[in-house]
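The values are calculated or read from the model by the stated rules, or taken from the named source; none is laboratory data. Everything numeric in this text was worked out from a predicted model, so none of it was measured. Please note: Cβ atoms are built from the backbone with ideal geometry, for glycine as well, and neighbour counts cover all protein chains shown.
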Amino acid sequence: MQSLCRSRGIPVLRVDPHDLDALAGDITIRLDRGVVLHGNAEHVRQQVKPSVSGLGDVESICVVIADASDIRSTNDLTPHVDSYFIREEFLCLSAGLSPVDALRAGPREAERYGVAVAAELHSMVEELLPGQRLVMRLLDLRSDDAARMTAGIEVDAEPNPEMGLHGARWLLAEHHYPAAFRSLRAHVADHFGAAADRLSFAVPFINDSTEFLRLREHLALTADTPLGVFVETPAAVHSAAEFCAAGASELFVGTKDLIQFYLAADRGNHRVAATYQTRHPAVLAALRDTVESGRASGVPVHVFALGADVDHYLRHLPARRLMMCNAELRHLAGPVELPA
């Protein structure tokens, strides 16, 4: 839900149930800052509109979306958008699917699941303009999220789900996901026509080329089937050149997770908000290394950037391909008139 709200620019106040009793008094929603604050924020300094003087230097923008309507609204904003990115989890939400229930029910249910996901993708591909494409990030369910999404499957609890069994390591362990993915791709080949080439896939939360090659084999992908990689861990940063050599079609740098791992600061914990820095020297060095590894190999690298960081990243990194949420791009494109 946090990811969905973030993509739509909806401020979220995440509160631990144990802290609810302490939430007495005012809650302030700051639309100019996109945040929810506990207390009266009349005297909080107005946020300066992000500087985007270098936006003309952007080669392309990959926009993070939640559904087909985001593609329609974004295409009216800027000519820079050449691709869209959707999480498989959002497709499950749109289709009313419980992925764990479907995948654990056997090959046939897994295949039905794959067809249902493909149908959701089809509605999005139909909204693309000429030259645009859609990237689906494969399922990335942490154990705590999976436990809330299942109707009857028991999911093992983990002490630290953020660093537990999810992403590529979960996909490798899930026996019936290959059947679902095979069914998805077969449906795309049979029903998308020429538009099938406008859809590609990327692997989340992966550490090195060994995992990448194992996953390609697990999914029975042929050598000519493109598969991108999400760089979200320090290990993935140091493996960027290896990913390219192993055949990764493109790299996506997920800075939100990468920053919290580099700085050991939970991005959902307000107590360490000052430590979570999008422009920390270690973070910028990691982004620079990843972009340069891709450039040396001729592999496109897309760096996720908050609106406030776009100009800074363009000036301090060799990055010319950016990722951002739909809401961030809309904010950069100009102020939205709010009802009185």
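Computed values, structure above
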quantity	calculated
L329 being out of contact with any Phe, Trp or Tyr (no Cβ under 9 Å at 6 or more places or on another chain) and either in contact (Cβ under 8 Å) with a residue 40 or more places away in the chain or basic (K, R) (or both)	yes
Yes/no for R279 being touching a His at 6+ places or on another chain (Cβ under 8 Å), surrounded by fewer than 16 Cβ atoms within 10 Å (Cβ to Cβ), of a type in the set (D, E, K, R) and assigned by TED's automatic domain parsing to the domain that holds R133	yes
Residue in the stretch 152-173 that is crowded, with 21+ Cβ neighbours inside 10 Å, over 21 Å from the mean Cα position of the chain (by Cα) and of a type in the set (G, A, S) present	no
The stretch 174-200, residues that are among the aromatic types (F, W, Y) and crowded, with 20+ Cβ neighbours inside 10 Å	Y177, F181
Check on R137, outside the structural domain of R8 (by TED's automatic domain parsing), among the basic types (K, R), crowded, with 18+ Cβ neighbours inside 10 Å and under 19 Å from the mean Cα position of the chain (by Cα)	yes
Yes/no for S239 being crowded, with 22+ Cβ neighbours inside 10 Å, out of contact with any strand residue (DSSP E or B) (no Cβ under 8 Å at 6 or more places or on another chain) and either outside the structural domain of A118 (by TED's automatic domain parsing) or more than 23 Å from L121 (Cβ to Cβ) (or both)	yes
Residue in the stretch 294-305 that is at pLDDT 95 or above, buried (at least 17 other Cβ atoms within 10 Å of the Cβ), more than 30 Å from D16 (Cα to Cα) and among the charged types (D, E, K, R) present	no
Hits in the stretch 208-225 (condition: at pLDDT below 95 and surrounded by 14 or more Cβ atoms within 10 Å (Cβ to Cβ))	T225
Looking only at the stretch 214-259, and only at residues there that are among the polar types (S, T, N, Q) and either in contact with an Asp or Glu (Cβ under 9 Å, 6 or more places away or on another chain) or touching a residue at least 40 places away in the same chain (Cβ under 8 Å) (or both), the one that is farthest from R137 (Cα to Cα)	S239
Matching option when the condition is within 22 Å of G106 (Cα to Cα) and modelled with pLDDT under 95, among A147, A179, A186, A168	A147
Pick from the stretch 82-97, criterion hydrophobic (A, V, I, L, M, F, W, C) and buried (at least 18 other Cβ atoms within 10 Å of the Cβ), ranking: farthest from the chain's Cα centre (by Cα)	L97
Flag if A180 is in contact (Cβ under 8 Å) with a residue 12 or more places away in the chain and closer than 20 Å to R87 by Cβ	yes
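Okay, residues lined up against (1) modelled with pLDDT of 90 or more; (2) touching a His at 6+ places or on another chain (Cβ under 9 Å); (3) within 30 Å of P178 (Cβ to Cβ):
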| position | (1), (2), (3) |
| --- | --- |
| T28 | no, yes, no |
| H43 | no, no, no |
| Q47 | no, no, no |
| V52 | no, no, no |
| C62 | yes, yes, yes |
| I65 | yes, no, yes |
| S73 | no, no, no |
| F85 | yes, yes, yes |
| L97 | yes, no, yes |
